[in-house]
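The values are calculated or read from the model by the stated rules, or taken from the named source; none is laboratory data. Predicted model, so just to flag it, every value in this text is computed and none were measured. All Cβ positions, even for glycine, are placed from backbone atoms using ideal geometry, and neighbour counts span all protein chains on display. Note: accessible area is taken over every heavy atom of the protein model, side chains too, but ligands, DNA and RNA are not part of it. Shrake-Rupley method; radii C 1.70, N 1.55, O 1.52, S 1.80 Å.
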Amino acid sequence: MQKAFKYRLYPNKATEKRLYFVLNRCRELYNAALSERKDAYQFHQRMTLSRNEETGQVIAATMIATLQVKTVTYYDQQNALPEIKHELRPEYEEMAAHVLQDVLRRLDKAFKNFFRRMQNGQQPGFPRFQGRNRYNSFTYPDGAGWKLDVCSEKKGLLHLTKIGDITVKLHRPIEGTIKTVTIKREVDQWYVTCSCEVPEPEKLPLSSEDVGIDLGVTHLATLSNGEMIEHPRTFRRAKKTLGKRQQALSRKKKGSHRRERARRLVGKAHRKIRNQRRDFLHKHSRQLVNRYQVLVFENVQVSSLVRRPKPKQDEQGRYLPNGAAAKGGLNTSILDAGWGTFVSMCTVKAAWAGRTLIKVSPHYTSQRCSGCGQVRKKDLSERWHTCDCGTELDRDVNAAINILRLGTSQHRKV
């Protein structure tokens, strides 16, 4: 089984300069390889679609056979690396060869994902060129080029070939056998992620409790037993500080040192929001997995929920109110809650702990009465469920009970 361990790095100035050097060279290679693939494809298209103006016949077959036009693959670019290093880019000699190969492998993976999504009927974006603030990591794909020494319980030393030694803060012990090592920059901090092969862990003792979980914006999660997990509203709390820093960034001259410092402050604000949200979700997902044997969630499509409403027009072409402002506030709360991340964390932790996680259809879970099963349609503003059968309870608790009932019936069929 694979497990990742992420640790903070503390490089000195000379080592950090080498890290930036390797990162920039990897980004340049990625963009150059992407440009080569893109140019080869466009040239192939021009040859295929070219026509003789006099006869109107396609002459691409002869030209392609003469020019030996073909698609550039990962193996073509990898085989060309030694020649590029010796003749065109001698600075690549100062980098580990496997790091450069992994850059080409990353680009090849991006193209494979692009074509796979195209075949599935989706609308993916074409692999894009990476700016210096978008390409943030490089990887040692095997055991060569690095070595990690554990100096004490909380401190280690990472040796990177042709880069140097870097102090590592081991906030938790590393497990298993390290397979790959990834060095990543986050704003102005450096981290190392070790992907390890670990033995299958011991499962948690069986629990007699099952739970249905309804995700919301008033509360992050409402459990079928009536308990609630409050919405952290991490972005809302930091919105004022983030807004001031973004305004200061917009006033700085492009390309100046002051703009770079302002950009880092904005990045730090976003990093703090992300870390706070992930810390909150990690803790509560761990509590749920430790306590319950079966966890049932709605199979919510967040991307569909946060979709922008379509504009409305009257007969004269004037735009009518479509609720976009209110929908924008709701979308912000949904994204701030991190529903998808929360469910993903619970899924991973449940798999490691031997728990069962089930996703059910969200249709009518909040409209159907948990007491008698009758559908009682309610607006989103109605937060209390009342039924003729005498059932009265919170709307989200009613939905969580329905979710648990659907998950239990689905689990029994399996």
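Protection proxy ranking for 212-222, 379-389, using the average of other Cβ atoms within 10 Å per residue and placing the highest first: 212-222, 379-389. Each Lys and Arg adds +1 at its Cβ and each Asp and Glu adds -1 at its Cβ; summed about the Cα centre, the chain shows a dipole of about 1880 debye. Multiplying the residue separation of residue 31 and residue 172 by 0.36 nm and subtracting their alpha-carbon distance yields 47.1 nm.
Around residue 404, under 12 Å between beta carbons, what's the net of Lys plus Arg minus Asp minus Glu among the other residues?
Here the charged neighbours net out to -3.
Sequence-ordered 3J(HN,Hα) estimates for segment 104-115 from the Karplus curve with 6.51, -1.76 and 1.60 and θ = phi - 60° stand at 5, 5, 5, 5, 4, 5, 4, 5, 5, 5, 4, 5 Hz, glycine and proline given as x. Simple point charges give the picture: +1 on the Cβ of Lys and Arg, -1 on the Cβ of Asp and Glu, and for segment 243-322 a dipole about the Cα centre of about 1020 debye.
Label-to-label distance for residue 116 and residue 161 is 2.9 nm, based on points extended 7 Å past Cα in the beta-carbon direction.
Once a ≥ b ≥ c are taken as the square roots of the eigenvalues of the Cα gyration tensor of segment 119-274, is the result rounded (a/c under 1.5), prolate (a/b larger than b/c) or oblate (a/b not larger than b/c)? Verdict is oblate for segment 119-274. Of the residues 369, 341, 381, the one whose Cα sits farthest toward the positive end of the charge dipole of segment 268-414, with +1 on the Cβ of Lys and Arg and -1 on the Cβ of Asp and Glu, is 341.
For the chain, the longest principal axis of the Cα atoms and the long axis of helix 339-353 meet at an angle of about 90 degrees.
Legend: residue pairs 283/327; 6/169; 112/184; 17/252, Cα-Cα distance threshold 19 Å; pairs beyond threshold, 283/327; 112/184; 17/252.
A straight line joining the Cα centroids of segment 135-157 and segment 310-359 runs 38 Å.
On a 0 to 90° scale, report how tilted helix 74-83 is relative to the longest principal axis of the chain, with both axes built from alpha carbons and the result rounded to the nearest 10. Relative to the chain, helix 74-83 is tipped by roughly 40 degrees. Put the Cα centre of segment 82-103 next to the Cα centre of segment 400-414 and the gap is 56 Å. Of the labelled figures (i) 156; (ii) 267; (iii) 125, only one reflects volume of the Cα convex hull per residue in Å³ as derived from the coordinates, namely (ii).
What FRET efficiency do you get for residue 237 and residue 93 if R0 is 56 Å and r is their Cβ-Cβ distance, rounded to the nearest 0.05? Taking R0 as 56 Å, the efficiency between residue 237 and residue 93 is 0.70.
Ordering 88, 74, 120 by Cα displacement along the dipole of the chain toward the positive end leaves 88 in first place; charges were set at the Cβ atoms of Lys, Arg (+1) and Asp, Glu (-1).
Farthest towards the positive end of the charge dipole of the chain, among the residues 317, 110, 42, is the Cα of 317, using unit charges on the Cβ of Lys, Arg, Asp and Glu. Peptides 359-366, 403-410 ranked from most to least packed by the mean count of surrounding Cβ atoms within 10 Å: 403-410, 359-366. Using a 1.4 Å probe and ignoring any ligands, DNA or RNA, find the accessible area of residue 352 and quote it in Å² to the nearest 10. Approximately 50 Å² of residue 352 is accessible to the 1.4 Å probe. Apolar share of the accessible surface for the chain: 51 percent from carbon plus sulfur atoms, 1.4 Å probe. Rounded, prolate or oblate: which fits segment 286-401 when a ≥ b ≥ c are the square roots of the eigenvalues of the alpha-carbon gyration tensor, with rounded for a/c under 1.5 and prolate only if a/b beats b/c? Oblate. Over the chain, dividing the summed -39,500 (n - 2.57) contributions of all DSSP H runs of at least 4 residues by the number of residues returns a 222 nm mean residue ellipticity of -15000 deg cm²/dmol.
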